[in-house]
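Have a look at the structure below, then the notes.
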Amino acid sequence: MTENGAHAFELQGVNIYYGSKMAVNDVNLMIPRQKITAFIGPSGCGKSTVLRSLNRMNDLIPGARVQGGVFFGGQDLYAENVDPVEVRRRIGMVFQKPNPFPKSIYDNVAYGPRLLGVRGKAVLDEIVERSLKGAFLWDEVRGDLKKSGLALSGGQQQRLCIARTIAVEPEVILMDEPASALDPIATQAIEELMKVLVQQFTIVIVTHNMQQAQRVSDYTAFYSIRKKEEQGGVENRWGILAEYAPTERLFTNPASEETERYIRGEFG
Amino acid sequence: MSTPSEAGTMSARSTAVDMRARREARTTIFRRPRPGETVIQLFLLFCGVLSIFTTLGILYVLGSEALLFFGSGLVDLGEFFTAPVWQPQAEQFGIMPLVSATLMTTLFSMIVAIPLGLGAAIYLAEYAKPQTRATLKPILEILAGIPTVVYGYFALTFMTPLLRGIFGQNTVSIYNVASAGLVMGIMILPTIASMSEDALSAVPRSLREASFGLGSTKLEAILKVVLPAGLSGIIAAFIVGISRAVGETMIVALAAGAGPCKLYGENASCFQPFGAAETMTGHIVRISGGDLSYNSIDYNSLFAIGLTLFIFTLVLNLISRWITNRFREVYQ
């Protein structure tokens with residue numbers, strides 16, 4: 001268990017199951033504070049599953065189970081007395097598809113602070129402005145905060161979701177393929193934004209896009225798939241953490257052949 | 001590429017070749033008549049138009065008979081809407097006592113059906129495990145399949161004695177609007193629960209996740225995100241429930257009372273939850289069940305009631321449509 005403060009998360013022998021099916025096996029990982037850590041790997045390798053275990057989002061899926069230790073600042077997130085609601089207040093999440101609430105831009109951003117009991121128009125106004133500025137959205141929407149969040153473009157919606165997340169000032173922002181539904185220009189905006197946000201927040205991002213991982217992240221975890229033929233010809237597949245290294249080293253000098261083949265685009 | 005003639009000689013024909021032979025058997029690419037399609041299209045049009053004509057027909061009958069009633073000289077519109085009693089024998093035609101009873105029973109039914117129906121919907125959509133839901137929802141929907149006459153006797157033999165036991169024999173009459181209304185609420189509950197549950201289940205999971213990701217509890221997510229997003233569907237469910245309550249006949253005919261109440265003046269008896277009162281539907285069914293001579297003023301008066309009832313439900317439907325469009329939170 002780490003107490004030195006350099007790491008936000010420490011995963012020790014993490015297995016994740018959906019029902020009786022193992023989705024991820026034996027992940028050991030240290031995620032540093034105030035860095036961007038990217039999870040890459042082929043579809044079905046469990047990278048999103050691991051990401052969602054970091055703020056107990058998996059709790060919402062019936063039958064999902066996490067074994068092993070997921071430590072956040074030294075505290076086991078899956079300890080009996082840990083409240084998942086409190087966990088998610090500290091570890092926010094941005095999803096693959098932009099999912100603003102069908103409410104005004106203002107109410108979207110004010111949603112989290114209001115949950116925390118923040119009242120008073122002046123205070124909320126200030127939080128909304130600060131968060132929208134933080135997500136580089138303020139200049140585009142400042143005159144029209146009453147407009148529905150759904151009236152924005154896809155890229156703007158995703159930045160609204162980021163603004164909504166930073167409004168509650170979490171310690172970590174988890175991003176599950178945040179740009180995969182966006183066009184290249186909107187994607188670039190999100191990437192720029194991440195580079196600024198990392199000065200304040202720890203960011204963990206799942207991405208299908210290896211160039212994106214290369215462009216934005218400090219560390220990269222490459223997940224891969226293992227298979228086993230069971231009785232009766234049923235094939236069992238699960239994900240493993242194949243390699244974890246500083247991004248530059250992983251992409252220029254990978255330790256395993258599998259990683260090399262993946263980053264060369266030979267499978268995925 | 002093989003030609004059709006070659007295809008015929010091949011022992012194992014590929015479908016591609018078969019298709020080509022079929023296509024070439026047709027000589028032109030020009031339109032050909034398809035009579036079967038026309039017939040079916042006409043039949044479907046007939047199905048669609050039938051309900052419109054039925055509605056128009058009903059409206060015509062209601063309207064023309066009601067015109068005879070208002071044209072009889074025995075009643076004018078002002079009296080119709082203000083007179084304190086409905087007593088055809090005494091040629092007193094005030095619709096309001098009947099309307100008031102309908103409103104009372106509807107009110108009581110909604111007191112039961114809206115909170116319980118919405119509660120059941122929230123439980124089924126948000127809390128119940130899939131298995132619980134799969135068991136519970138069909139059972140709930142069985143309630144909707146029970147004939148209303150059974151509910152009527154349930155009101156009379158269970159709810160009324162219960163109310164009399166609680167509030168006292170002297171307070172609660174044998175026939176009373178509260179009993180009929182409460183049981184009507186039980187009858188409508190599954191409709192509201194089922195429709196509201198559909199509305200809640202249609203709210204995308206991603207919105208719930210967004211809320212949880214911001215650190216909301218389950219209840220906060222439901223109250224602040226899911227319910228507002230499903231609001232138009234829920235309100236539509238309420239309005240359908242109210243429409244059913246307004247139009248419901250058997251329960252009120254059996255349990256609410258067999259005579260119109262008196263709206264104001266001496267011995268006014270309307271708006272008393274534990275008193276007897278006859279609703280619009282209850283009155284129509286009682287009077288038309290007796291020996292009523294055709295084209296008498298009594299007979300025509302029933303159509304005036306029917307027309308009022310029709311306008312009631314029409315207005316409710318219009319409100320429902322307006323609300324659905326106005327408050328729809330469009331989510332992706």
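The values are calculated or read from the model by the stated rules, or taken from the named source; none is laboratory data. All figures in this text were calculated on a predicted structure; none of them were measured in a lab. All Cβ positions, glycine included, derive from the backbone under ideal geometry; neighbour counts span all protein chains shown. Keep in mind that these areas ignore ligands, DNA and RNA; they rest on the heavy atoms of the full protein, side chains included. Shrake-Rupley method; radii C 1.70, N 1.55, O 1.52, S 1.80 Å.
Looking only at segment A:18-36, how many residues end up being small (Gly, Ala, Ser) and open to solvent by 50 Å² or more (accessible area, probe 1.4 Å)? Count: 1. Scanning segment A:28-56 for residues that are assigned to a helix (DSSP H, G or I) and either in contact (Cβ under 8 Å) with a residue 60 or more places away in the chain or closer than 21 Å to A:TYR262 by Cα (or both) yields A:LYS47, A:SER48, A:THR49, A:VAL50, A:LEU51, A:ARG52. Has segment A:37-45 got at least one residue that is open to solvent by less than 50 Å² (accessible area, probe 1.4 Å), within 27 Å of A:LEU115 (Cβ to Cβ) and either within 14 Å of chain B (Cβ to nearest Cβ) or in contact with a helix residue (DSSP H, G or I) (Cβ under 8 Å, 6 or more places away or on another chain) (or both)? No, there is no match, as no residue in segment A:37-45 is open to solvent by less than 50 Å² (accessible area, probe 1.4 Å), within 27 Å of A:LEU115 (Cβ to Cβ) and either within 14 Å of chain B (Cβ to nearest Cβ) or in contact with a helix residue (DSSP H, G or I) (Cβ under 8 Å, 6 or more places away or on another chain) (or both). If a residue must be surrounded by fewer than 17 Cβ atoms within 10 Å (Cβ to Cβ) and either in a helix (DSSP H, G or I) or without any contact (Cβ under 8 Å) to a residue 40 or more places away in the chain (or both), how many such residues does segment A:220-244 contain? Going through segment A:220-244 one residue at a time, the tally reaches 9.
In the set (1) more than 13 Å from every other protein chain (Cβ to nearest Cβ); (2) touching a helix residue (DSSP H, G or I) at 6+ places or on another chain (Cβ under 8 Å); (3) open to solvent by 50 Å² or more (accessible area, probe 1.4 Å); (4) closer than 24 Å to A:GLN34 by Cβ, the condition left unmet by A:GLN75 is number (2). As a summary of the residue check, A:ARG164 satisfies the conditions (1) out of contact with any Gly (no Cβ under 8 Å at 6 or more places or on another chain); (2) within 27 Å of A:HIS7 (Cβ to Cβ); (3) charged (D, E, K, R) except for the one numbered (1).
Scanning segment B:189-228 for residues that are more than 7 Å from chain A (Cβ to nearest Cβ), open to solvent by 10 Å² or more (accessible area, probe 1.4 Å), closer than 22 Å to A:PHE95 by Cα and of a type outside the set (D, E, K, R) yields a total of 7. In the set A:VAL82, A:VAL94, A:VAL87, A:VAL66, only one residue is in contact with a strand residue (DSSP E or B) (Cβ under 9 Å, 6 or more places away or on another chain), of a type in the set (Val, Ile, Thr) and more than 14 Å from every other protein chain (Cβ to nearest Cβ); that residue is A:VAL66. Of all residues in segment B:309-324, none satisfies being open to solvent by 50 Å² or more (accessible area, probe 1.4 Å), of a type in the set (Ser, Thr, Tyr) and over 30 Å from A:GLY149 (Cα atoms).
Given the options B:ASP198, B:ASP298, name the one that is charged (D, E, K, R), under 20 Å from the mean Cα position of the chain (by Cα) and within 29 Å of B:THR148 (Cβ to Cβ). Testing whether each residue is charged (D, E, K, R), under 20 Å from the mean Cα position of the chain (by Cα) and within 29 Å of B:THR148 (Cβ to Cβ) leaves just B:ASP198.
Among residues that are of a type in the set (A, V, I, L, M), within 22 Å of the chain's Cα centre (by Cα) and surrounded by 20 or more Cβ atoms within 10 Å (Cβ to Cβ), B:MET104 is included.
Table: residues versus (1) assigned to a helix (DSSP H, G or I); (2) not β-branched (Val, Ile, Thr).
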position: B:PHE212; (1), (2): yes, yes
position: B:GLY215; (1), (2): no, yes
position: B:VAL226; (1), (2): yes, no
position: B:ALA236; (1), (2): yes, yes
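Residues in segment A:97-107 that are more than 9 Å from chain B (Cβ to nearest Cβ) and under 19 Å from A:ILE190 (Cβ atoms): 1 in all.
Condition test on B:ILE284, is it within 14 Å of chain A (Cβ to nearest Cβ), part of a helix (DSSP H, G or I) and either open to solvent by 10 Å² or more (accessible area, probe 1.4 Å) or within 30 Å of A:ARG88 (Cα to Cα) (or both)? Steps first, please.
Numbers: within 14 Å of chain A (Cβ to nearest Cβ): no; part of a helix (DSSP H, G or I): yes; either open to solvent by 10 Å² or more (accessible area, probe 1.4 Å) or within 30 Å of A:ARG88 (Cα to Cα) (or both): yes.
So B:ILE284 does not fit the description; no.
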